[in-house]
1. With a ≥ b ≥ c taken as the square roots of the eigenvalues of the C-alpha gyration tensor of region 17-132, please select rounded if a/c is under 1.5 and otherwise prolate if a/b is larger than b/c or oblate if it is not?
2. Tell me, what is the FRET efficiency for Ala111 and Val68 to the nearest 0.05, using R0 = 25 angstrom and their Cβ-Cβ distance as r?
3. Compare the peptides 65-73, 84-92 by average per-residue count of other Cβ atoms within 10 angstrom and give them in order, highest first.
4. Please list 3J(HN,Hα) in residue order for region 73-83, calculated via the Karplus relation 6.51 cos²θ - 1.76 cosθ + 1.60 where θ = phi - 60°; whole Hz, with x for glycine and proline.
5. Using a Gaussian network model of the chain with C-alpha springs under 10 Å, which one of Ile114, Ile99, Ile48 is most mobile by mean-square fluctuation?
6. Work out from phi, with θ = phi - 60° and the Karplus expression 6.51 cos²θ - 1.76 cosθ + 1.60, the ³J(HN,Hα) of each residue of region 49-65, listed in order in whole Hz, and give x for Gly and Pro.
7. Could you derive backbone 3J(HN,Hα) for region 124-141 from the dihedral phi with the Karplus parameters 6.51, -1.76 and 1.60 (θ = phi - 60°), listing whole Hz in sequence and x where the residue is Gly or Pro?
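A short reminder: the numbers here are calculations on the coordinates, not readings from a lab. On a predicted model such as this, the values are computed, not experimentally measured, just so you know. All Cβ positions, even for glycine, are placed from backbone atoms using ideal geometry, and neighbour counts span all protein chains on display.
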Amino acid sequence: MWKKVEIYMQPFFFSGSVDVKLDDKNRFVLPQSMRYGLVEEGVLEFSICLGLGGCLAIYRSSDIRKIVEKFRKNLHVAKFQKFFTLFFSTLHHASCDKIGRVILPAKLKEAVKIKKEIVIAGVVNKIEIWAKDIYDLYLKDLIEKREGMENLQKMTEEAFSLLVEDDATQTSSS
């Protein structure tokens, strides 16, 4: 007789960072742990686009579909037109080859000033791709400069306050 087995999976999130180099064909190897997080329904496909703050972002296909559906509702709102043109004209659907290499489109590489070295950083529901020199500078500024440490402290307090707000919301709605 077959026994029913239930498997509970924790919600996946991206984290960690790794330094990698682009090869002569603008390819980089996406870390295996991050590739696993991009697989949906047995398929490894994703989108690369401009991110916030001077980086590129890799999103799961399902997340891009959700973004597109929400944007469609505001497609004809004038204040969003330039953003939509920029966002969708630089959005590239992609995958990895058999050894995990991803081709970085030249336009995106130029847009965020990537040369040869990049930092791949997991950030909750997306993967960010940074020019290594820019990423290292941001990190150094946050850690070594007094105003950077104050900014980091403030950002940390604000981010962790979201946890308190969520707990309060859940308690009051129970």
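1. Judged from the Cα gyration tensor, region 17-132 comes out oblate (a/c at least 1.5, b/c at or above a/b).
2. After rounding, the FRET efficiency stands at 0.75.
3. Highest mean packing first, the order is 84-92, 65-73.
4. 5, 10, 4, 9, 8, 4, 5, 9, 4, 5, 4
5. Ile99
6. Those phi angles translate into 8, 5, x, 8, x, x, 10, 9, 10, 10, 10, 4, 4, 5, 5, 5, 4 Hz.
7. Residue by residue, region 124-141 yields 6, 9, 9, 10, 9, 10, 10, 4, 4, 5, 5, 4, 4, 5, 4, 5, 4, 4 Hz.
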